[in-house]
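Worksheet for the structure shown next.
The values are calculated or read from the model by the stated rules, or taken from the named source; none is laboratory data. For clarity, every value in this text was computed on a predicted model and none was experimentally measured. We place every Cβ from the backbone using ideal geometry, glycine too, and count neighbours over all the protein chains shown. These area figures cover heavy atoms from the full protein model, side chains too; ligands, DNA and RNA do not enter into them. Shrake-Rupley method; radii C 1.70, N 1.55, O 1.52, S 1.80 Å.
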Amino acid sequence: MTGKLLSKWDSRNVGFGCSHATQGYGLGLAIACGDASEVGVMARLSMERRPPSRVGKHLQQVTYYAIVLGIFLFFVVLFTLSADKQSMITTSQVNTCLAIALIPLFLPSLLYLGLVRTQRILKEKEYYVRNLEAVSTLGLSTVICADMRGTMTMQQMRVSEIFVDADLLRVQNLNLEEVGPRFIELIRSSLLCNDAVFCPGSVGVPVEKKSIYGSSYDSALLKFGLTFIPNVDQLRCDHEKVANLSYNSIDHVHVTVHKIRLENGGSRHILLMKGYADVVLSHCSTYAVSDEELLLDEPLKQTIGNLSTRLMEAGRHVRAFAYKEILSDVERRRFSQVNLGRDSTPGRYRDFLSVNIFSLRFLGLIATHNPPHANIAQSVFKCRSAGVKLVIITRAKATFARALAMSVGIIAPPTSDGVDIPDSSMKRHQVSAAVVSMDEYVEHKMHHQRWKVEQLLLAHPQLVFAMVNVEQNHMIVETCQRLGAVVTIMGYSVHDTPALRRAHVGVAKSGCSTTSHFGADILLTDSPFSKLVAAIEVSRLLFENTKKALAYCLATNTALILVHVSFFLVKIPLRIFVMQVFIISIFVNLLPGLTLLFERAEEKLMKQKPKIFDDFLFNRRLLFVSCILVGIIEAAAVFLMYFLFMARNGFLPRTLVGLNFKWYDETVTDITDSYGQEWSPKSRQRLDCQVSAICLMTLAAMQCTNLMLTRTGRANLLSHGFSNVCLNLAIVYLICLCVLVPHVDFPHCLRLVGGTELVFFWWYIWPLVSLLAFLETARRYLLRRFPGSWLELETFY
């Protein structure tokens, strides 16, 4: 007795929640139940509250904006309220138009249609999105927690090395004509102690092209064995399987017993074992080399064990094989008694584990290699360039996880620094990569483990957690979030469900468990890591295009607000009608703005860090550019066109001051212009409709220019290209809108009389359009010329 308390993760006789004795009978001792059991822990962790998504934050921001807008409009109505009845009607109409203008009618459509478009793009890339909010949050990810198996590897194991007859053979250099009987015996054992089978329904298909049902390792052994033993079905028929202990993560072995019929009518039984090298070697006593059978002593076991370790360090899946012929009548009798069911049908053989599985003969080792995807190194580099940290969480051993991480480029090849956890004499920041075996921390309290993981995450840019259990997986994700990260996790088993539910975005792979499928936000029909990186790029593009569309739509608000201010402070008869506000919001802003969602990404989209601390649609830089830089120019264009058009009709600017309420009072008939002409209410109404049309056309022309410029945030417009066909059509649509507005009868307030006003409009609008194009092009040039300057900090949204 050593006095050391074994953990439930190290014990070999612990059945976790919902485990049952599937064969024979057994006695069990309950060490935990309810919430303390493994299933209870997973259920409790899965029910924890999820962090808010990016769309949830946006909706919260819109709620704050609506509250502030309501308070602002309340004070506007309070200060503009008039006691005169006619003035009160006009004031209420102007305030109503302002309220409608300030409400972002376009925002729900932009968000929803942007998410739907991104979902459609991801669907084309073989993604299934179960949660639309996760589509936007995915592009904000700063940490990706993923398993390497199937995610970064092809999940197509191939036999690479074989150790037999005290010689390590490489499959690529194998000479099929020089293989010995021990080699054939090892191959035969790998086909018999194997649960992989050919899928039914493939009649007429060549054997080497048939689909195989089974684990990846067993399937690789079956495919490789076809080269030497083509008729596998006949081999298994001659060696009838009478008992089977399938491979499990507790025993780490696969044991089968086969019955061989002799020519004299008798039979004999053989036992085959496959599993981890250290476990299989502990059951072996001899080793067959050529025609000799050597004693398997401790030095030889250590030599074989070291070879297995080196193969695992090279990223190989290694299994050892052993053989024994059952000669004892007592043991043979256990397999000659059939357990009959209630319907008198033969059942499974029982008590086969009581067979003496020691004193076996060691046959050899078979190593398989799971090659990484062809473009995985490029995807890892692209992910790091985008400012996203990779944290590998796996249940595999540390040596195997290290080798696999090196093969896919997550961890650099070993240098003088090493890749393991540094000792006390070496500072953590001196080591760039670390492979942590979490089973060493199982006995520690959870807050101690959390503190250690937190220090590791802060110290190492390249990190691999091996031998991770359910609670530790959940704790690692939670720790990343406590450090301010936005976490995306990829999982496939039931043990990953709590972490999938805890992360900001949960991604499940194809063929995952049912709980992982329903707990994930995004389901990959294929599981390469490169597809997740591509999805992050699509999500980032969604957010950038949404901000571009929002900046475009907000540009008209400055003109509408200044028109409202001038009506009450300067008291000029310039107002925006309700119908005109709806036309601007829907036909000038929303419809053309939606085309920005189809804009392709700029060249440095995946070379920028995620904008965690500026994750707002309405940020100060966007408001400054759209409402101040662009909005002021558009407002100046509206006022300039207004004063020029009114002067053309006899009202100089000084004569318009103080006419705000008289202009719309039908009882006032003595309003004279600068030339002494009197204007009746009907003639003033006709002039007012012409002014409304001119203002609408001015905003449409300025927004047409703004739409062309907003397609890029920093890049040169000519080098970016004009591949967005929808946006090109939207520009043509806005130009046609400017031409058609004077010639429509509905609404009546937009009707222009004659075509001279249209000529007047085009004659005076082009200098303002050119000014807007010049200033915005110059700003983008300065952003490219002086990166990181004050201009970028204040205007690059």
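Can you name the number of the only condition in (1) modelled with pLDDT of 85 or more; (2) touching a His at 6+ places or on another chain (Cβ under 9 Å); (3) open to solvent by less than 10 Å² (accessible area, probe 1.4 Å) that residue 114 fails?
Here residue 114 clears every test but (2).
Within region 165-187, identify whether any single residue is touching a helix residue (DSSP H, G or I) at 6+ places or on another chain (Cβ under 7 Å) and β-branched (Val, Ile, Thr), and answer yes or no.
Yes: one or more hits.
Test each condition in (1) modelled with pLDDT under 80; (2) out of contact with any Leu (no Cβ under 6 Å at 6 or more places or on another chain); (3) part of a helix (DSSP H, G or I) for residue 67 and report the one that comes out false.
It is condition (1) that residue 67 fails.
Which members of region 164-209 meet the condition of being in contact (Cβ under 8 Å) with a residue 40 or more places away in the chain, open to solvent by 80 Å² or more (accessible area, probe 1.4 Å) and of a type in the set (Lys, Arg)?
188
Name the single residue, out of those in region 517-533 being of a type in the set (Ser, Thr, Tyr) and closer than 23 Å to residue 389 by Cβ, that is surrounded by the fewest Cβ atoms within 10 Å (Cβ to Cβ).
Taking region 517-533 and keeping what is of a type in the set (Ser, Thr, Tyr), we get 525, 527, 530.
Now restrict to residues that are closer than 23 Å to residue 389 by Cβ: 527, 530.
Numbers: 527: 25, 530: 20.
Filtering region 517-533 for residues that are of a type in the set (Ser, Thr, Tyr) and closer than 23 Å to residue 389 by Cβ, the one surrounded by the fewest Cβ atoms within 10 Å (Cβ to Cβ) comes out as 530.
Identify, by number, the condition in (1) open to solvent by 10 Å² or more (accessible area, probe 1.4 Å); (2) part of a helix (DSSP H, G or I); (3) within 20 Å of residue 565 (Cα to Cα) that residue 658 doesn't meet.
Here residue 658 clears every test but (2).
Residue pairs, Cβ under 9 Å, 6 or more apart or interchain, first in region 270-286 and without any contact (Cβ under 8 Å) to a residue 40 or more places away in the chain, second in a helix (DSSP H, G or I). List them.
Taking only residues 6 or more apart or on different chains, the pairs are 278/301; 278/305; 278/308; 282/301.
Would a scan of region 505-514 turn up a residue that is open to solvent by 20 Å² or more (accessible area, probe 1.4 Å), touching a residue at least 40 places away in the same chain (Cβ under 8 Å) and at negative phi?
Here is the first cut: in region 505-514, the ones open to solvent by 20 Å² or more (accessible area, probe 1.4 Å) are 510-514.
Restricting the remaining residues to those that are touching a residue at least 40 places away in the same chain (Cβ under 8 Å) gives none.
Taking every residue of region 505-514 in turn, none turns out to be open to solvent by 20 Å² or more (accessible area, probe 1.4 Å), touching a residue at least 40 places away in the same chain (Cβ under 8 Å) and at negative phi.
How many residues are open to solvent by less than 60 Å² (accessible area, probe 1.4 Å) and of a type in the set (S, T, N, Q) if we restrict to region 50-76?
Residues that pass the stated criteria total 2.
Do you know which residues across region 257-266 are out of contact with any Asp or Glu (no Cβ under 9 Å at 6 or more places or on another chain) and either within 21 Å of residue 197 (Cα to Cα) or not in a loop (DSSP other than H, G, I, E, B) (or both)? Step through it out loud before you land on a result.
Within region 257-266, the first condition is being out of contact with any Asp or Glu (no Cβ under 9 Å at 6 or more places or on another chain), and the residues that meet it are 257, 262-266.
Within region 257-266, just 257 meets the criteria.
In the set 307, 295, which member is among the aliphatic types (A, V, I, L, M), within 30 Å of residue 399 (Cα to Cα) and exposed (fewer than 15 other Cβ atoms within 10 Å of the Cβ)?
Criteria check complete, one pass: 295.
Scan (1) modelled with pLDDT of 85 or more; (2) within 23 Å of residue 541 (Cβ to Cβ); (3) of a type outside the set (A, V, I, L, M); (4) touching a Lys or Arg at 6+ places or on another chain (Cβ under 9 Å) for the single condition residue 797 breaks and write down its number.
Of the numbered conditions (1) modelled with pLDDT of 85 or more; (2) within 23 Å of residue 541 (Cβ to Cβ); (3) of a type outside the set (A, V, I, L, M); (4) touching a Lys or Arg at 6+ places or on another chain (Cβ under 9 Å), the odd one out for residue 797 is (1).
For region 594-619, name all the residues that are open to solvent by 30 Å² or more (accessible area, probe 1.4 Å), under 19 Å from the mean Cα position of the chain (by Cα) and more than 30 Å from residue 561 (Cβ to Cβ).
Within region 594-619, 607, 608, 609, 612 meet the criteria.
Consider region 198-212. How many of its residues are of a type in the set (A, V, I, L, M, F, W, C), within 37 Å of the chain's Cα centre (by Cα) and at pLDDT below 70? Even if it seems obvious, please write down each step before you answer.
Filtering region 198-212 for residues of a type in the set (A, V, I, L, M, F, W, C) gives 198-199, 203, 205, 207, 212.
With the extra rule that they be within 37 Å of the chain's Cα centre (by Cα), the set shrinks to 198-199, 212.
Checking which are at pLDDT below 70 leaves us with none.
The qualifying residues number 0.
Filter region 422-461 down to residues that are assigned to a helix (DSSP H, G or I), within 19 Å of residue 390 (Cα to Cα) and modelled with pLDDT of 85 or more, then give me how many there are.
Final tally of qualifying residues: 10.
Can you go through 542, 591 and tell me which one is at pLDDT 90 or above, open to solvent by 10 Å² or more (accessible area, probe 1.4 Å) and either in a helix (DSSP H, G or I) or among the polar types (S, T, N, Q) (or both)?
Numbers: 542 fails: at pLDDT 90 or above.
So the residue among 542, 591 that is at pLDDT 90 or above, open to solvent by 10 Å² or more (accessible area, probe 1.4 Å) and either in a helix (DSSP H, G or I) or among the polar types (S, T, N, Q) (or both) is 591.
In region 695-723, how many residues are part of a loop (DSSP other than H, G, I, E, B), within 19 Å of residue 624 (Cβ to Cβ) and not basic (Lys, Arg)? I'd like the intermediate steps shown before the answer.
Start the filter on region 695-723 by keeping residues that are part of a loop (DSSP other than H, G, I, E, B), which leaves 711-716, 721-723.
Imposing the further condition that a residue be within 19 Å of residue 624 (Cβ to Cβ) reduces the set to 712-714.
Adding the requirement that they be not basic (Lys, Arg) leaves 712-713.
Matching residues across region 695-723 total 2.
Give the residues of region 173-194 that are at pLDDT below 90 and not in a helix (DSSP H, G or I), sorted by residue number.
174, 175, 179, 180
Give the residues of region 105-143 that are within 17 Å of residue 56 (Cα to Cα) and assigned to a loop (DSSP other than H, G, I, E, B), sorted by residue number.
Those that are within 17 Å of residue 56 (Cα to Cα) and assigned to a loop (DSSP other than H, G, I, E, B): 130, 131, 139, 140, 141.
Matching residues to (1) modelled with pLDDT of 85 or more; (2) open to solvent by 70 Å² or more (accessible area, probe 1.4 Å); (3) out of contact with any strand residue (DSSP E or B) (no Cβ under 9 Å at 6 or more places or on another chain):
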| position | (1), (2), (3) |
| --- | --- |
| 78 | no, yes, yes |
| 83 | no, yes, yes |
| 104 | no, no, yes |
| 110 | yes, no, yes |
| 131 | no, no, no |
| 136 | no, no, yes |
| 143 | yes, no, no |
| 155 | no, yes, yes |
| 162 | yes, no, no |
